[in-house]
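My structure is below; once you've seen it, I'll send some questions.
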C-alpha cells in the first residue's frame, strides 16, 4: 500500500531536522566548552570517542597530517612544540587525512608510524576528511571561520584559550616558525576564561 504523500514530511522539514541533529549534540557539551571544541572524534590508537571539550581553556593547534608527504617531518617539530609548551597550556591535535592521497594506511598503521618514527605523543585522532563536502564538522567550522580550508597536509589552525580562531598557517609554516611560536606564546600568556 502506498503511503499518501500528505504523511511524508516536506523535503525542507526533513533537511532542517537533519541539520538540527548535530546541534543537539552540542547542547550536551560541558558549560564553558567553546563551539570550536564541541566535537567528538575517535582516538587514533584505540578508536575510543574523545570529546575535544577536554581541551577547553587550552591553546590548541589543530593540524591535518599525513604519513607520506614532503611535510611529514613536521611531526618531529609538532611533538617538540607540544612537549615544550604543554605544561603552560598548549595542546597539539593531529588529524590524519587521506584527502591528498598521502595517508592510505589504517588507523593502527598511522599510530605505529607516528610513534615509532617521530615519537609522537600529542593527541591524534582517527583518519577523517578535512576539506570539501566530506570534511569533518570541525574542519568545516575552521574553514568557515578562517576563510581557508587546508590546501595540503600539515595546515595549522591556532585557537586561543577561549576557543576562538587566532590564525591559520599553510603547510609551508613549520612548527618552529617564529611567527607561529610568537602567536602561541602570546596566547599562552593570556588567562584561561572563567
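Kindly indicate whether any position in region 102-110 is buried (at least 19 other Cβ atoms within 10 Å of the Cβ) and either at pLDDT 95 or above or in contact with a helix residue (DSSP H, G or I) (Cβ under 6 Å, 6 or more places away or on another chain) (or both). Quick ask: steps written out before the conclusion?
Taking region 102-110 and keeping what is buried (at least 19 other Cβ atoms within 10 Å of the Cβ), we get 103, 110.
Adding the requirement that they be either at pLDDT 95 or above or in contact with a helix residue (DSSP H, G or I) (Cβ under 6 Å, 6 or more places away or on another chain) (or both) leaves none.
The answer is no, given that none of the residues of region 102-110 is buried (at least 19 other Cβ atoms within 10 Å of the Cβ) and either at pLDDT 95 or above or in contact with a helix residue (DSSP H, G or I) (Cβ under 6 Å, 6 or more places away or on another chain) (or both).
May I ask you to say which residue of 192, 143, 111, 183 is part of a helix (DSSP H, G or I) and under 18 Å from residue 52 (Cβ atoms)? Steps first, please.
Numbers: 192 fails: part of a helix (DSSP H, G or I); 111 fails: under 18 Å from residue 52 (Cβ atoms); 183 fails: under 18 Å from residue 52 (Cβ atoms).
After applying the criteria, what remains is 143.
If you scan region 162-194, which residues turn out to be touching a helix residue (DSSP H, G or I) at 6+ places or on another chain (Cβ under 6 Å) and more than 19 Å from residue 94 (Cβ to Cβ)?
Hit for region 162-194 is 188, nothing else.
Which strands (runs of 3 or more DSSP E) does region 31-91 wholly contain that include 2 or more residues that are over 22 Å from residue 119 (Cα atoms) and in contact with a strand residue (DSSP E or B) (Cβ under 6 Å, 6 or more places away or on another chain)? Walk me through how you get there before you give the answer.
Details: elements: 40-42, 49-51, 59-65.
Once the strands (runs of 3 or more DSSP E) in region 31-91 are filtered for at least 2 residues that are over 22 Å from residue 119 (Cα atoms) and in contact with a strand residue (DSSP E or B) (Cβ under 6 Å, 6 or more places away or on another chain), what remains is 49-51.
Where residues in region 114-140 are over 14 Å from the mean Cα position of the chain (by Cα) and assigned to a loop (DSSP other than H, G, I, E, B), which of them is surrounded by the most Cβ atoms within 10 Å (Cβ to Cβ)?
120
The values are calculated or read from the model by the stated rules, or taken from the named source; none is laboratory data. If you're wondering where the values come from, they're calculated on a predicted model, not measured in any experiment. Note: ideal-geometry Cβ built from the backbone for every residue, glycine included; neighbour counts use all protein chains shown.
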